[in-house]
1. How big is the accessible area of T118 in square angstrom, nearest 10, if you roll a 1.4 angstrom probe over the protein chains?
2. Calculate the spin-label point distance for L26 paired with A90, positioning each point 7 Å from the Cα along the beta-carbon direction, and give it in nanometres.
3. Suppose all protein chains stay in the model; what accessible area per residue would a 1.4 Å probe give for the stretch 51-141, in Å²?
4. Ignoring ligands, DNA and RNA, please state the percent of accessible area on the stretch 63-120 from carbon and sulfur, probe 1.4 Å.
Amino acid sequence: AWLASERASLGLIAPGASLFEDGSILAQTALDFAALWLTLPMLAFVLATRLNIRDKIIPFVIVCNWGSVIAASMLAVPATLFAIGWATPALSAFFAVCATIIIMQMRWFMARITLGVTASAAFALAITDGLIGLGLLRLVV
């Protein structure tokens, strides 16, 4: 859905055309997701090293991986609605912002429970992850 939305925003949707025909857009989308997927575990590793809770990193990475699946599914809805023409760019962006708020709450909860850190440390981790993710998207888009 993200790839379809990206192609639609670039005006590359044509009847009968393959979604995967442009390798550069496919590669860019894959790199975007890889960068976003790696930021939270890397931040958690740095935090865990500083707080001496390195034994909790493996469970946290597992939770992050499954949380990323849920987050991608949530963000796929506005992208799909935009790609198939059922949502305007502004409405799709509004839906994506709403999904992002829910995802940030989920990331906070994952850090709080799995790492056993304070609420403020979990908040800092979730916000930093979101800001880095936003920055990475701005760099590549």
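The values are calculated or read from the model by the stated rules, or taken from the named source; none is laboratory data. Only a predicted model underlies this, so the values are computations on that prediction, with no experimental measurement involved. Here the Cβ is made from the backbone with ideal geometry for all residues, glycine too, and neighbour counts use every protein chain on show. Side chains are part of the model used for accessible areas, which takes the heavy atoms of the whole protein and leaves out ligands, DNA and RNA. Shrake-Rupley method; radii C 1.70, N 1.55, O 1.52, S 1.80 Å.
1. About 80 Å², rounded to the nearest 10.
2. 3.6 nm
3. The answer is 60 Å² per residue.
4. Working: 2590 of 3270 Å².
Carbon plus sulfur share of accessible area: 79 percent.
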